[in-house]
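So that we are looking at the same thing, I have put the structure below in structure tokens.
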Amino acid sequence: MNTVVIAGGGTGGHIYPGLAVAKELIARGYSVHWVGASGGLEEKIVTHAGLPLHLIRIGKLHSSVGIWDQIKTVLGLPLAFAQALMLALRLRPHAVLGVGGFASGPFLFVAALLNYRTVIWEPNAHAGLANRWLAKIVDECLLVFEAASRDLKGKRVHRVGLPVRDSIKPQSRDAVSGRKFRVLVFGGSQGARAINRVVAEWVEKTGLADGTVHLIHQTGKYDYAEVSGRYEAWKTAERAKGVSEDRLSLECREYIHDMDQMYAWADLLVCRAGASTVAEVAASGKAALFVPLPTAADNHQLKNAEVLAKAQAAILVEQKNFDVATLDQTVRRLKQNLAELGELEKNVLKFSAPGAAATIASYVLGLPRSVKGMS
């Protein structure tokens, strides 16, 4: 019996790390199946990755959804548990890994009752609802942030980190003196409207300060037309004033495919604080200004960013306080104070966890090993 099931999904922060673990398990000779929720992001991503995907009809229960959605989910739980039971009896896995998300709850619960080996992995500083429920009945609880141990009352809790792409790694920063200060703004594949609008206004009002900043701004598909149009209008107006092209160091992109290279290029990142983003920032060893998504489930992005900010490993600005003045002051301060920039880079590296996928796979298979994970 060499089948391992990974259950969960809903967001890329749950799915992509799970796929990294799946790749490691497959390399060790195991067959990996994925159990997800109907209508979830996993339908597209997991299928594209080539893993067998099984779907359960389950909705959301966390506080960020309305009461009627929660009621519909509760009413549908008997069906979800029945589907999970039939799947578990059919697959008879050697072990089950829950990565958080809607489908992980019913399937991990059933797998634990059937006495299969069960492990949950929590990517955020505040554990999600499914993992909080499951912690007491599974065999192992794996964490990215030590802070999540307060929410997970399982018997065995281990810090293991979050898997990131092998190509994302710390690289020595070029000397800032003699070149422009490089700012990379991104909001994930969909972009972040609140960040996009503040950054665009910053460009229009400051003219990129004194021409010493090079900005690359990834907007996502929904805001690309508006923001790129504003930037082109700004460039046209600046050229009309006789400003040289060298001062118009601004690139607007809908999507960034080579994030590993962009991390290596940047001096400062302006981004959200989802678990995957935080892990990639840590792995790249870059200074970041986090603007957490305030509507994230259980406000987990704020809690992620707070952990790093408290350790002086990142700068945290809540979305309600993120404006042109705050952004401009932060960029100016770090551009002029390279000692502070270097301190952020040094401290954030302490949160990286090389080899996290292999470590998680070992725990799933019952082969625990010591690892220095994120704190």
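The values are calculated or read from the model by the stated rules, or taken from the named source; none is laboratory data. What you are looking at is a predicted structure, and each value in this text was computed from that prediction instead of being measured. When we count neighbours, we look across all protein chains shown, and the Cβ atoms used for this are built from the backbone with ideal geometry, even at glycine.
Output the residue which, of all residues in region 182-194 that are of a type in the set (A, V, I, L, M, F, W, C) and crowded, with 22+ Cβ neighbours inside 10 Å, is nearest to Leu334 (Cα to Cα). Write out each step before concluding.
Looking only at region 182-194, we keep the residues that are of a type in the set (A, V, I, L, M, F, W, C), and these are 183-186, 192, 194.
After this cut, where a residue has to be crowded, with 22+ Cβ neighbours inside 10 Å as well, the list is 183-186, 192.
Numbers: Val183: 11, Leu184: 14, Val185: 15, Phe186: 19, Ala192: 23 Å.
Step by step, filter region 182-194, then rank; the result is Val183.
For Ala135, indicate whether it is closer than 24 Å to Thr359 by Cα, touching a helix residue (DSSP H, G or I) at 6+ places or on another chain (Cβ under 7 Å) and assigned by TED's automatic domain parsing to the domain that holds Ala22.
Details: closer than 24 Å to Thr359 by Cα: yes; touching a helix residue (DSSP H, G or I) at 6+ places or on another chain (Cβ under 7 Å): no; assigned by TED's automatic domain parsing to the domain that holds Ala22: yes.
The answer is no for Ala135.
Can you tell me which residues in region 93-141 are β-branched (Val, Ile, Thr) and out of contact with any Leu (no Cβ under 7 Å at 6 or more places or on another chain)? So that I can check it myself, show each step before the final result.
Applying the first criterion (β-branched (Val, Ile, Thr)) to region 93-141 yields 96, 99, 110, 118-120, 137-138.
Matches in region 93-141: Val99, Ile137.
Now, a different point. Any residue in region 78-104 that's on the phi < 0 side of the Ramachandran plot: show its pairings with residues that are surrounded by fewer than 23 Cβ atoms within 10 Å (Cβ to Cβ) and of a type in the set (Lys, Arg) at Cβ separation under 9 Å, as long as the two are six or more apart or on different chains.
Leu79/Arg57; Ala80/Arg57; Gln83/Arg57; Pro93/Arg117; His94/Arg117; Ala95/Arg117; Val96/Arg117; Phe102/Lys60
Now for a different question. Would you check which residues across region 356-373 are in a loop (DSSP other than H, G, I, E, B), farther than 21 Å from Ala125 by Cβ and either touching a Pro at 6+ places or on another chain (Cβ under 7 Å) or at pLDDT below 95 (or both) and list them? Lay out the reasoning, then the answer.
Going residue by residue through region 356-373, those that are in a loop (DSSP other than H, G, I, E, B) are 365-373.
Within this subset, residues satisfying the condition of being farther than 21 Å from Ala125 by Cβ are 365-370.
Those that are in a loop (DSSP other than H, G, I, E, B), farther than 21 Å from Ala125 by Cβ and either touching a Pro at 6+ places or on another chain (Cβ under 7 Å) or at pLDDT below 95 (or both): Gly366, Leu367, Pro368, Arg369, Ser370.
Moving to a separate point now. Within region 210-242, which residues are on the phi < 0 side of the Ramachandran plot and in a loop (DSSP other than H, G, I, E, B)?
The initial filter retains those residues of region 210-242 that are on the phi < 0 side of the Ramachandran plot, namely 210, 212-219, 221-241.
Listed by number, the residues that qualify are Asp210, Thr212, Thr219, Lys221, Tyr222, Asp223, Lys241.
Something else about it: Please go through region 110-127 and give me each residue that is under 22 Å from Ala80 (Cβ atoms), surrounded by 22 or more Cβ atoms within 10 Å (Cβ to Cβ) and of a type in the set (A, V, I, L, M, F, W, C), ordered by number.
Within region 110-127, Val110, Ala111, Val119, Ile120, Trp121, Ala127 qualify.
Conditions tested, residue by residue: (1) more than 22 Å from the chain's Cα centre (by Cα); (2) modelled with pLDDT under 90; (3) not assigned by TED's automatic domain parsing to the domain that holds Gly128.
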| residue | (1), (2), (3) |
| --- | --- |
| Leu19 | no, no, no |
| Leu25 | no, no, no |
| Leu51 | no, no, no |
| Leu61 | no, yes, no |
| Ser64 | no, yes, no |
| Ile67 | yes, yes, no |
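Arg197: among the basic types (Lys, Arg), surrounded by 14 or more Cβ atoms within 10 Å (Cβ to Cβ) and part of a loop (DSSP other than H, G, I, E, B), yes or no? Please lay out each step first, then the result.
Numbers: among the basic types (Lys, Arg): yes; surrounded by 14 or more Cβ atoms within 10 Å (Cβ to Cβ): yes; part of a loop (DSSP other than H, G, I, E, B): no.
Answer is no for this residue.
Output yes when any residue across region 250-260 is in a helix (DSSP H, G or I), in the same structural domain as Ala194 (by TED's automatic domain parsing) and of a type in the set (Lys, Arg), and no when none is. Please lay out each step first, then the result.
Going residue by residue through region 250-260, those that are in a helix (DSSP H, G or I) are 259-260.
With in the same structural domain as Ala194 (by TED's automatic domain parsing) added as a condition, the list becomes 259-260.
Adding the requirement that they be of a type in the set (Lys, Arg) leaves none.
Checking region 250-260: not a single residue is in a helix (DSSP H, G or I), in the same structural domain as Ala194 (by TED's automatic domain parsing) and of a type in the set (Lys, Arg).
Against the condition aromatic (Phe, Trp, Tyr) and at pLDDT 95 or above, how does Phe351 come out, does it pass? Can you show your working first?
Numbers: aromatic (Phe, Trp, Tyr): yes; at pLDDT 95 or above: no.
Judged against the criteria, Phe351 is not a match.
With Gly191, Gly187, Gly274 as the choices, which residue is under 30 Å from Gly101 (Cβ atoms), in contact with a Cys (Cβ under 8 Å, 6 or more places away or on another chain) and modelled with pLDDT under 95? Show your work before the answer.
On the way: Gly191 fails: in contact with a Cys (Cβ under 8 Å, 6 or more places away or on another chain); Gly274 fails: in contact with a Cys (Cβ under 8 Å, 6 or more places away or on another chain).
Exactly one of Gly191, Gly187, Gly274 is under 30 Å from Gly101 (Cβ atoms), in contact with a Cys (Cβ under 8 Å, 6 or more places away or on another chain) and modelled with pLDDT under 95, namely Gly187.
Going residue by residue through region 128-151, is there one that turns out to be of a type in the set (S, T, N, Q), surrounded by fewer than 24 Cβ atoms within 10 Å (Cβ to Cβ) and not in a loop (DSSP other than H, G, I, E, B)?
First pass over region 128-151, keeping only residues of a type in the set (S, T, N, Q): 131, 149.
Checking which are surrounded by fewer than 24 Cβ atoms within 10 Å (Cβ to Cβ) leaves us with 149.
Still in the list and also not in a loop (DSSP other than H, G, I, E, B): 149.
Yes, region 128-151 contains a residue that is of a type in the set (S, T, N, Q), surrounded by fewer than 24 Cβ atoms within 10 Å (Cβ to Cβ) and not in a loop (DSSP other than H, G, I, E, B).
I've got another one for you. Kindly indicate whether any position in region 97-104 is among the β-branched types (Val, Ile, Thr), surrounded by fewer than 22 Cβ atoms within 10 Å (Cβ to Cβ) and either modelled with pLDDT of 90 or more or within 21 Å of the chain's Cα centre (by Cα) (or both).
Checked region 97-104: no residue is among the β-branched types (Val, Ile, Thr), surrounded by fewer than 22 Cβ atoms within 10 Å (Cβ to Cβ) and either modelled with pLDDT of 90 or more or within 21 Å of the chain's Cα centre (by Cα) (or both).
With the structure loaded, tell me whether Glu318 is touching a Lys or Arg at 6+ places or on another chain (Cβ under 6 Å) and of a type in the set (Asp, Glu) or whether it fails that test.
Details: touching a Lys or Arg at 6+ places or on another chain (Cβ under 6 Å): no; of a type in the set (Asp, Glu): yes.
No.
Using the structure shown, decide if Leu215 is in contact (Cβ under 8 Å) with a residue 40 or more places away in the chain, among the aliphatic types (A, V, I, L, M) and surrounded by 18 or more Cβ atoms within 10 Å (Cβ to Cβ). Don't jump to the end; show me each part of the working.
Working: in contact (Cβ under 8 Å) with a residue 40 or more places away in the chain: no; among the aliphatic types (A, V, I, L, M): yes; surrounded by 18 or more Cβ atoms within 10 Å (Cβ to Cβ): yes.
No.
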